[in-house]
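> This is the structure I want to talk about, given as structure tokens.
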Amino acid sequence: MSLSINRTVALAGVLASMLCRCALASEPVIKIGFVGALTGPSAVTGKDAENGVRMAIEDLNEKGVVVAGRTYKIELLSEDDAAEPKQATLTAQMLVDANVNGVIGHLTSGTTIPASKIYYQAGIPQLSTTATNPQYTHQGYSSAFRMCPNDDQLGQFLGRYAVQSVGARRIAVIDDATSYGQGIALQFARAARQTSPAALIVAKEQATDRTVDFHAILTKIKRTNPDVIFFGGMYSTAAPLLLQMKSLGIKSKFMGGDGICPPATLPRLLGSELQNGQVICADLGGPDTAAVTAWSAGYIKRFGQRQGNSQYSYDAVLVMIEAMKQAGSTEPAKYLPALARIKYRGMTGTIEFDKNGDLLHAPITLYTFADGKRELIPLDH
């Protein structure tokens, strides 16, 4: 009799375990894809962005994500496009084949634009936090959204500032031949000329996103005696460019967009060689709010020093999940209209999009570097 009871108890335990596993197996899942440069010259900011997505997913899963009365678990599917357009389309197709519910990424304009067609054809919402080329949201793709200013806004802002506040009259322009670099450099030069007829573009040069030797370019530019050298490119090439400017005795102000503006990258790459006040850059978004500052403490504890704009990747996940909640569905086709009309107060500010998928009222902030730290440049507006 005792043996029979023991067998019954054991069988009940097995059945309970099986039921538990079945319940776990049937737990509905939201698959969020992330794509960015996790290897190559831009890997530092790519990993930073991935960490922001990862942290958002961890926080949401801890609280519980409820959509239309069902509790979901969010899973991260992360891919590396190495900032290469061909690899970007391959990784985009991989995420489509994996039936992701939405994508955060890609990070560069050169990868985001070709990948966007694949997501659009699959009907999957794509939210890029750092791709700034206007073409991304002007292709007629209803699935494409941007959480930052575009190159037109950034370049024009910097061009006006160079003439009005820096007092530049002689300007040299270099770009790295990428979609991002060419776009922002073009808008910078156009805005500078439009702001003042006295502003002259005395040199226009082009490198690549992997150039490390700028001596020939800088030797030509030095002869033009520029007040400002504008660089359309990333920090990984801006660092050797700045070092070679110093070695050639060029003391011009050095300006650029968000590609050279992450808070820790130029100080890390250049150390004491980074000249106080020489660099002026525009970053995506406004100054860190109290909420961002508090969140950063948790990020640093979890991942170490912030290297980029991970707070925007974090908010991107939250706004995508909020759209699902408002739509009452995790299906891309059903929550996509809710994402297009969303007005969500995130950690980084109010997130809402215009008819193209661009962020309304996208803030831009100017910084310089002094004593190895990024410092906010106060603006009158």
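The values are calculated or read from the model by the stated rules, or taken from the named source; none is laboratory data. Keep in mind it's a predicted model, so treat the numbers as computed, not measured. With ideal geometry, Cβ positions are generated from the backbone for all residues, glycine too; neighbour counts draw on all protein chains shown. The accessibility values were calculated without ligands, DNA or RNA, using every heavy atom of the protein model including side chains. Shrake-Rupley method; radii C 1.70, N 1.55, O 1.52, S 1.80 Å.
> Tell me, yes or no, whether segment 194-202 has at least one residue that is farther than 23 Å from N309 by Cβ and either part of a helix (DSSP H, G or I) or in contact with a Leu (Cβ under 9 Å, 6 or more places away or on another chain) (or both).
Of segment 194-202, the ones farther than 23 Å from N309 by Cβ are 194-202.
Filter again for either part of a helix (DSSP H, G or I) or in contact with a Leu (Cβ under 9 Å, 6 or more places away or on another chain) (or both), leaving 194-195.
Yes, the conditions are met somewhere in segment 194-202.
> Another question, then. Consider L248 carefully, then state whether it is modelled with pLDDT of 95 or more and either of a type outside the set (S, T, Y) or within 27 Å of K47 (Cβ to Cβ) (or both).
yes
> Right, another one. Scan segment 184-202 for residues that are in contact with a Ser or Thr (Cβ under 8 Å, 6 or more places away or on another chain) and open to solvent by less than 20 Å² (accessible area, probe 1.4 Å) and jot them down.
Passing the criteria: only I184.
> Residues T330, T293, T265, T289: which one is under 17 Å from the mean Cα position of the chain (by Cα) and among the hydroxyl-bearing types (S, T, Y)?
Numbers: T330 fails: under 17 Å from the mean Cα position of the chain (by Cα); T293 fails: under 17 Å from the mean Cα position of the chain (by Cα); T289 fails: under 17 Å from the mean Cα position of the chain (by Cα).
Only one candidate passes the filter, namely T265.
Yes/no matrix, rows are residues, columns are (1) open to solvent by 30 Å² or more (accessible area, probe 1.4 Å); (2) under 21 Å from L318 (Cα atoms); (3) of a type in the set (D, E):
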position: D80; (1), (2), (3): yes, no, yes
position: Q87; (1), (2), (3): yes, no, no
position: L95; (1), (2), (3): no, yes, no
position: G102; (1), (2), (3): no, yes, no
position: G105; (1), (2), (3): no, yes, no
position: S109; (1), (2), (3): no, no, no
position: P114; (1), (2), (3): yes, no, no
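> Okay, next question. Considering only segment 297-310, how many residues are farther than 13 Å from P263 by Cα and within 17 Å of the chain's Cα centre (by Cα)? Lay out the reasoning, then the answer.
Taking segment 297-310 and keeping what is farther than 13 Å from P263 by Cα, we get 297-304.
Pick out the ones that are also within 17 Å of the chain's Cα centre (by Cα) and you get 299.
Residues in segment 297-310 being farther than 13 Å from P263 by Cα and within 17 Å of the chain's Cα centre (by Cα): 1 in total.
> Six or more apart or on different chains, Cβ atoms under 6 Å: show the pairs whose first residue is in segment 52-68 and open to solvent by 40 Å² or more (accessible area, probe 1.4 Å) and whose second is at pLDDT 95 or above and outside any strand (DSSP E or B).
A68/G328
> With respect to Y299, determine if the residue is aromatic (F, W, Y), touching a helix residue (DSSP H, G or I) at 6+ places or on another chain (Cβ under 8 Å) and open to solvent by less than 10 Å² (accessible area, probe 1.4 Å).
Judged against the criteria, Y299 is a match.
> Same structure again: Identify all residues within segment 205-221 that are over 17 Å from D151 (Cβ atoms), touching a strand residue (DSSP E or B) at 6+ places or on another chain (Cβ under 9 Å) and open to solvent by 80 Å² or more (accessible area, probe 1.4 Å); write none if there are none.
K220
> Next question, about the same structure. Kindly provide the set of residues from segment 161-174 that are without any contact (Cβ under 8 Å) to a residue 60 or more places away in the chain, open to solvent by less than 20 Å² (accessible area, probe 1.4 Å) and in a strand (DSSP E or B), ordered by number.
If the condition is that a residue be without any contact (Cβ under 8 Å) to a residue 60 or more places away in the chain, open to solvent by less than 20 Å² (accessible area, probe 1.4 Å) and in a strand (DSSP E or B), then I171, V173 are the ones that fit.
> Separate question: Given the criteria of a type in the set (G, A, S) and either at pLDDT 95 or above or surrounded by fewer than 20 Cβ atoms within 10 Å (Cβ to Cβ) (or both), does A23 qualify? If you could, list the steps in order and put the result at the bottom.
On the way: of a type in the set (G, A, S): yes; either at pLDDT 95 or above or surrounded by fewer than 20 Cβ atoms within 10 Å (Cβ to Cβ) (or both): yes.
Yes.
> Further, regarding this structure: Which of the residues that make up segment 236-260 are hydroxyl-bearing (S, T, Y) and either touching a Lys or Arg at 6+ places or on another chain (Cβ under 6 Å) or in a helix (DSSP H, G or I) (or both)?
Matches in segment 236-260: S236, T237, S247.
> Write out, first by first residue and then by second, each pair whose Cβ atoms fall under 9 Å of each other, whose residues are 6+ apart or on separate chains, and whose first residue, in segment 226-240, is in contact (Cβ under 8 Å) with a residue 12 or more places away in the chain and under 12 Å from F188 (Cβ atoms) while the second is assigned to a helix (DSSP H, G or I) and charged (D, E, K, R).
G232/D151
> Suppose we keep only residues that are free of Cβ contacts under 8 Å to residues at least 24 places away in the same chain, basic (K, R) and closer than 25 Å to N99 by Cα within segment 323-381. Which one would you say is least open to solvent (accessible area, probe 1.4 Å)?
By that ranking, first place goes to K334.
> Given the criterion at pLDDT 95 or above, surrounded by fewer than 18 Cβ atoms within 10 Å (Cβ to Cβ) and either more than 16 Å from T45 (Cα to Cα) or out of contact with any Asp or Glu (no Cβ under 8 Å at 6 or more places or on another chain) (or both), identify the matching residue among G277, G256.
Step by step, each of G277, G256 is checked, and only G277 is at pLDDT 95 or above, surrounded by fewer than 18 Cβ atoms within 10 Å (Cβ to Cβ) and either more than 16 Å from T45 (Cα to Cα) or out of contact with any Asp or Glu (no Cβ under 8 Å at 6 or more places or on another chain) (or both).
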